[in-house]
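**Student:** Dumping the structure here so I can ask a few things about it.
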Amino acid sequence: MAAPPEAPMPGAHLPQVRLDLAGFITGWNAAASACFGHSETEALGQHLLLLCQPDDGDFAELAPWPAERGPLQGTVLRRTKNGQTVKLRLTLQRETDADGDTCGLCAVYEPLDTEISAQDRLRLYVSIIENSSQGVLVTDAQGRIVTVNAAFSRITGYPASEALGQTPDLLRAGRDGTDFHAQVQAAMHGPGLWLGEVLGRRKSGEVFPLSACISTVRDEDGAVTHAFCIFSDITSHHDTETRLQKLANFDTVTGLPNRLLLGQLLAQALSQAKRGKGLGAVLVVQLQRLSWIYDTLGHEVGDDLLAQAAHRLQKALREQDILARLGHDKLAIALPNMRRREHAGLVAHKVLALLRPAYVLHGLEVDCPVSVGIALYPDNGMDTAQLLRCAELANQRVDDHDTPIRFFSAEMNERATERFRIEGELRHALAHGQLQLYHQPKVSLRTGRIVGAEALLRWTHPTRGLLHPGQFVPVAEDSGLILELGDWVLHEACRQLRDWHTRGLDMPPLAVNLSARQFDKYLPKRIDALLATHDLAPHRLKLEITESLMVRSADEVVPIMNELAAMGLGIALDDFGTGYSSLAYLKKFPITTLKIDRSFVIGIPQQSDDCAIARAIVTMGQQMRQEIVAEGVETREQMAFLRALGCDQLQGYLFSPPVPADSYERLVREDIRLPLD
Ligand code: C2E
Ligand code: MG
Ligand code: MG
């Protein structure tokens, strides 16, 4: 057996492992079994690798060391049978045979005591918490704060003395559901650990984002004794993130979304449009002299112009429209949810008008003409890149000599040109007396006599002859010109009524058509003033409105109608049956007359559906004590059927088309009647 080593070996109670020179285990004591978990039988004959970490080349036990040196000592990490790593102090002795030659090694391992006393541990924890850069807050089971650390006070501004005894509501940012207290409560009553970001409020009132870990401490019975929150202030994080996001998605000169973000926003709008079969447009707006301005007046001036242009547009567009910087001298506007294709042209004109006035740049007055290219969806495509390409192509095709607005499709260009021509001409017509009111009599189905008339607008166009409202009223509606036109009609109807009255003619009431756009809170006052000016009794005038007005909120429309009704004006619901008004909704309105739309009258008496609708309208009107007028009656069969139903009046070519005032006057004067049998 080996001679005793020069240095005393540690005690036999320590794990001892004997190894041959190749590293195979030749001896294993009970303490080694206790320490490493392998029994003696399992260990003997195995290589030292048994105790080493995988891939661990650190065989301190087998390292060569000079014979003359005493025992080798050091710290090693070894692996136990159950995979744990233990830290050990190794003392390695040589074992020699009778000749004094080294024949083996004896490794004695001394487990390093990593245990610390409970008291030391407590002291350690307190010091760690106190010196942590993260804020710590601990509440009792009732949610009252029992301790906070220094970082808590530094971050929140509350010294411990002010925090203790309070609830985490102290840091409440006032936004439901995402605040501190709510999360602490949730952690207490819910699954426990919660990690996330919440908003807190400092003592100064400043709201700040914090990243928090909230959890609970439970006793042996599982009851919550405390809740704690460890948090850090991530304001700077957030700032950086916001800044980075801004840089990636927004143009620095104008502050507008850049091409990247435009793409995302447009893609979103397109996917919504796909679901709802929506209509939209993409406009590319090119600031034509911008490159020249950059080159000659410098970057600062160019940037300033661009920023001012963006600002002008931003103020005028609707909230749902998307304005973006597309490139060097181009802006883009996406218009989701358009009602009509022509509206894109209207916006383009608005853009021109907004960008036309000169810019004042560093003391210089600079003009910057623009051109606009328009692509429509779904017509020209349903993907972002395609639509932008079409709008850019349309923009390139803008011809300097005409309006600098181009649609991608030729047909839309024609329609737009036509539309703007009509608008211009209509303005001219208003100012130059080309408009006229025709009158279409309404006759009683009881007496066959004329009991009223509807005033219908006509335009005597210098080259195209007599135009009907269908050819110009939609343009007037879109352009807002309908307000002037409507005022003209009201004025003209009153003038005509006054004229008849002055001439001693007893003419029945006259109805005028009102656009929904005219229907605002000033309307009763305007009509009142007109009646006063022309010295007319209110019952001489009737108003025809359509169901399109009913889609507006009843709260907005009903008071105006009540005011008009209280003044003594009759209100007729025109084109009844073509809109969407629910019967319950209808009851709220002080309507005196229902006009059955011509589209139902056409099918009478052959089409059973139309007959049924007409019958239902008459029945309903009778119950609501409304007068019922059938529009567009052209045949005697229609008349007979409607009369049998109990319809009160008819209006239609059967008796008379709309005619100029003097012709209508003659019909009344001569008491021309509709033969009823
Ligand atoms: P509306 O108020 O429903 O007017 C009735 C329309 O039916 C008139 O067309 C009239 O000429 C036409 N009509 C009448 N009887 C017959 C018939 O027996 N057969 C056929 N085929 N048609 C008949 P008009 O004058 O072209 O007016 C069309 C629409 O334009 C009107 O429909 C009204 O909504 C609107 N409108 C007319 N004048 C004005 C106005 O001064 N202001 C506003 N805002 N809209 C107006
Ligand atoms: Mg009408
Ligand atoms: Mg009608």
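The values are calculated or read from the model by the stated rules, or taken from the named source; none is laboratory data. Values in this document were obtained by computation on a predicted structure and should not be read as measured data. FYI the Cβ positions are ideal-geometry reconstructions off the backbone, even for glycines, and counts take in every protein chain you see. Side chains included, ligands, DNA and RNA excluded: accessible areas come from the protein's heavy atoms. Shrake-Rupley method; radii C 1.70, N 1.55, O 1.52, S 1.80 Å.
**Student:** With under 27 Å from Trp459 (Cβ atoms) and open to solvent by less than 30 Å² (accessible area, probe 1.4 Å) as the only criterion, which of Tyr653, Tyr664 stands out?
**Tutor:** Selected residue: Tyr664, the only one of Tyr653, Tyr664 that is under 27 Å from Trp459 (Cβ atoms) and open to solvent by less than 30 Å² (accessible area, probe 1.4 Å).
**Student:** OK, next. Is it the case that Ser515 is open to solvent by 60 Å² or more (accessible area, probe 1.4 Å), assigned by TED's automatic domain parsing to the domain that holds Trp488 and within 16 Å of ligand 2 (Cβ to nearest atom)? Steps first, answer last, please.
**Tutor:** Details: open to solvent by 60 Å² or more (accessible area, probe 1.4 Å): no; assigned by TED's automatic domain parsing to the domain that holds Trp488: yes; within 16 Å of ligand 2 (Cβ to nearest atom): yes.
Considered against the rule, which asks whether it is open to solvent by 60 Å² or more (accessible area, probe 1.4 Å), assigned by TED's automatic domain parsing to the domain that holds Trp488 and within 16 Å of ligand 2 (Cβ to nearest atom), Ser515 comes out as no.
**Student:** Out of (1) surrounded by fewer than 22 Cβ atoms within 10 Å (Cβ to Cβ); (2) under 30 Å from His189 (Cβ atoms), what's the single condition that is false for Leu261?
**Tutor:** Result: Leu261 passes all but (2).
**Student:** Can you name the residue in region 23-43 that is part of a loop (DSSP other than H, G, I, E, B) and under 14 Å from Ala107 (Cα atoms) and, of all such residues, is modelled with the lowest pLDDT?
**Tutor:** Keep residues of region 23-43 that are part of a loop (DSSP other than H, G, I, E, B), which gives 23, 29, 37-39.
With the extra rule that they be under 14 Å from Ala107 (Cα atoms), the set shrinks to 23, 29.
On the way: Gly23: 85, Asn29: 91.
The qualifying residue modelled with the lowest pLDDT is Gly23.
**Student:** So Lys595 ticks every box in (1) within 16 Å of ligand 3 (Cβ to nearest atom); (2) in contact with a helix residue (DSSP H, G or I) (Cβ under 9 Å, 6 or more places away or on another chain); (3) basic (Lys, Arg) but one. Which box is left unticked?
**Tutor:** Condition (2) is where Lys595 drops out.
**Student:** Which condition does Leu247 not pass, out of (1) touching a Ser or Thr at 6+ places or on another chain (Cβ under 7 Å); (2) surrounded by fewer than 20 Cβ atoms within 10 Å (Cβ to Cβ), if it passes all the others?
**Tutor:** Tallying (1) touching a Ser or Thr at 6+ places or on another chain (Cβ under 7 Å); (2) surrounded by fewer than 20 Cβ atoms within 10 Å (Cβ to Cβ), Leu247 fails exactly one: (1).
**Student:** From the list Gly83, Gly165, Gly143, Gly157, exactly one residue is in the same structural domain as His38 (by TED's automatic domain parsing) and on the phi > 0 side of the Ramachandran plot. Which is it? Walk me through how you get there before you give the answer.
**Tutor:** Details: Gly165 fails: in the same structural domain as His38 (by TED's automatic domain parsing); Gly143 fails: in the same structural domain as His38 (by TED's automatic domain parsing); Gly157 fails: in the same structural domain as His38 (by TED's automatic domain parsing).
Checking each option against the conditions leaves just Gly83.
**Student:** Does Leu105 fit the bill of being hydrophobic (A, V, I, L, M, F, W, C), at pLDDT 85 or above and under 30 Å from Ala43 (Cβ atoms)? Spell out the reasoning first.
**Tutor:** Details: hydrophobic (A, V, I, L, M, F, W, C): yes; at pLDDT 85 or above: yes; under 30 Å from Ala43 (Cβ atoms): yes.
Yes, satisfied.
**Student:** Find the strands (runs of 3 or more DSSP E) located wholly in region 307-391 whose residues include 1 or more that are crowded, with 22+ Cβ neighbours inside 10 Å and among the aliphatic types (A, V, I, L, M), and list them.
**Tutor:** Details: elements: 322-327, 330-335, 359-361, 364-366, 370-377.
Fully inside region 307-391 and qualifying: 322-327, 330-335, 370-377.
**Student:** Taking region 638-650 only, how many residues are more than 16 Å from ligand 1 (Cβ to nearest atom) and open to solvent by less than 70 Å² (accessible area, probe 1.4 Å)?
**Tutor:** Number of matching residues: 3.
**Student:** Give region 472-489 a look and list any residue that's more than 37 Å from the chain's Cα centre (by Cα) and within 16 Å of ligand 2 (Cβ to nearest atom), or say none. Outline the logic, then answer.
**Tutor:** First, pick out the residues of region 472-489 that are more than 37 Å from the chain's Cα centre (by Cα): 487-489.
Matches in region 472-489: Val489 only.
**Student:** Hey, can you tell me all the residues within region 70-102 that are open to solvent by 70 Å² or more (accessible area, probe 1.4 Å) and aliphatic (A, V, I, L, M)?
**Tutor:** Leu77, Ala98
**Student:** Does Glu492 fit the bill of being open to solvent by 10 Å² or more (accessible area, probe 1.4 Å), modelled with pLDDT of 95 or more and within 16 Å of ligand 2 (Cβ to nearest atom)? Before the answer, list the steps.
**Tutor:** Details: open to solvent by 10 Å² or more (accessible area, probe 1.4 Å): yes; modelled with pLDDT of 95 or more: yes; within 16 Å of ligand 2 (Cβ to nearest atom): yes.
In short, yes.
**Student:** In addition: So, Thr254, is that one under 27 Å from the mean Cα position of the chain (by Cα), among the hydroxyl-bearing types (Ser, Thr, Tyr) and over 19 Å from Val372 (Cβ atoms) or not? Talk me through it step by step, then tell me what you get.
**Tutor:** Numbers: under 27 Å from the mean Cα position of the chain (by Cα): yes; among the hydroxyl-bearing types (Ser, Thr, Tyr): yes; over 19 Å from Val372 (Cβ atoms): no.
It is false that Thr254 is under 27 Å from the mean Cα position of the chain (by Cα), among the hydroxyl-bearing types (Ser, Thr, Tyr) and over 19 Å from Val372 (Cβ atoms).
**Student:** Tally up the residues in region 264-278 that are touching a residue at least 24 places away in the same chain (Cβ under 8 Å), in a helix (DSSP H, G or I) and open to solvent by less than 70 Å² (accessible area, probe 1.4 Å), please.
**Tutor:** So the count comes out to 6.
**Student:** Would you pick out the residues in region 279-306 that are open to solvent by less than 20 Å² (accessible area, probe 1.4 Å) and outside any helix (DSSP H, G or I)?
**Tutor:** Initially, region 279-306 is screened for residues open to solvent by less than 20 Å² (accessible area, probe 1.4 Å), giving 280-285, 287, 290, 293-294, 301-302, 305-306.
Across region 279-306, the qualifying residues are Gly280, Ala281, Val282, Leu283, Val284, Val285, Leu287.
**Student:** Looking at Gly579, is it in the same structural domain as Arg625 (by TED's automatic domain parsing) and modelled with pLDDT under 85? Please lay out each step first, then the result.
**Tutor:** Values: in the same structural domain as Arg625 (by TED's automatic domain parsing): yes; modelled with pLDDT under 85: yes.
Considered against the rule, which asks whether it is in the same structural domain as Arg625 (by TED's automatic domain parsing) and modelled with pLDDT under 85, Gly579 comes out as yes.
**Student:** What number of residues within region 618-637 are open to solvent by less than 10 Å² (accessible area, probe 1.4 Å) and within 15 Å of ligand 1 (Cβ to nearest atom)? It would help to see each step written out before you state the result.
**Tutor:** Narrowing region 618-637 to residues open to solvent by less than 10 Å² (accessible area, probe 1.4 Å): 618, 621, 628-630, 633.
Then drop every residue that is not within 15 Å of ligand 1 (Cβ to nearest atom), which leaves 628-630, 633.
Total satisfying the criteria: 4.
**Student:** Still on this structure, I have one more. Identify, from the list Pro524, Pro538, Pro590, Pro509, the residue that is within 16 Å of ligand 2 (Cβ to nearest atom) and open to solvent by less than 70 Å² (accessible area, probe 1.4 Å). Let's see the steps before the verdict.
**Tutor:** On the way: Pro524 fails: within 16 Å of ligand 2 (Cβ to nearest atom); Pro538 fails: within 16 Å of ligand 2 (Cβ to nearest atom); Pro590 fails: within 16 Å of ligand 2 (Cβ to nearest atom).
After ruling out the rest, the residue left standing is Pro509.
**Student:** Still on this structure: Select from region 442-471 the residues that are surrounded by 16 or more Cβ atoms within 10 Å (Cβ to Cβ), more than 16 Å from ligand 2 (Cβ to nearest atom) and either free of Cβ contacts under 8 Å to residues at least 40 places away in the same chain or more than 30 Å from Leu645 (Cβ to Cβ) (or both) and list them in ascending order.
**Tutor:** Across region 442-471, the qualifying residues are Trp459, His461, Leu467.
**Student:** Mind telling me which of the residues Pro168, Pro159 ends up being within 22 Å of Thr235 (Cβ to Cβ) and modelled with pLDDT of 90 or more? Spell out how you get there, then give the answer.
**Tutor:** On the way: Pro168 fails: modelled with pLDDT of 90 or more.
Result: Pro159 is the single residue among Pro168, Pro159 that is within 22 Å of Thr235 (Cβ to Cβ) and modelled with pLDDT of 90 or more.
**Student:** Let me ask something additional. Considering only residues of region 593-607 that are surrounded by fewer than 22 Cβ atoms within 10 Å (Cβ to Cβ) and in a helix (DSSP H, G or I), which is nearest to ligand 1 (Cβ to nearest atom)?
**Tutor:** Selected residue: Arg598.
**Student:** Name every residue in region 439-456 that is away from ligand 1 (no atom under 12 Å from the Cβ), part of a strand (DSSP E or B) and either not β-branched (Val, Ile, Thr) or not assigned by TED's automatic domain parsing to the domain that holds Ile571 (or both), in order of residue number.
**Tutor:** If the condition is that a residue be away from ligand 1 (no atom under 12 Å from the Cβ), part of a strand (DSSP E or B) and either not β-branched (Val, Ile, Thr) or not assigned by TED's automatic domain parsing to the domain that holds Ile571 (or both), then Ser444, Gly452 are the ones that fit.
**Student:** Mind listing whichever residues of region 531-578 are hydroxyl-bearing (Ser, Thr, Tyr) and away from ligand 3 (no atom under 16 Å from the Cβ)?
**Tutor:** Keep residues of region 531-578 that are hydroxyl-bearing (Ser, Thr, Tyr), which gives 533, 546, 548, 553, 578.
Of everything in region 531-578, those that are hydroxyl-bearing (Ser, Thr, Tyr) and away from ligand 3 (no atom under 16 Å from the Cβ) turn out to be Thr533, Ser553.
**Student:** Condition first: open to solvent by 60 Å² or more (accessible area, probe 1.4 Å), within 27 Å of Tyr158 (Cα to Cα) and touching a Ser or Thr at 6+ places or on another chain (Cβ under 8 Å). Now tell me which residues in region 201-236 satisfy that.
**Tutor:** Correct list: Lys203, Val217, His226.
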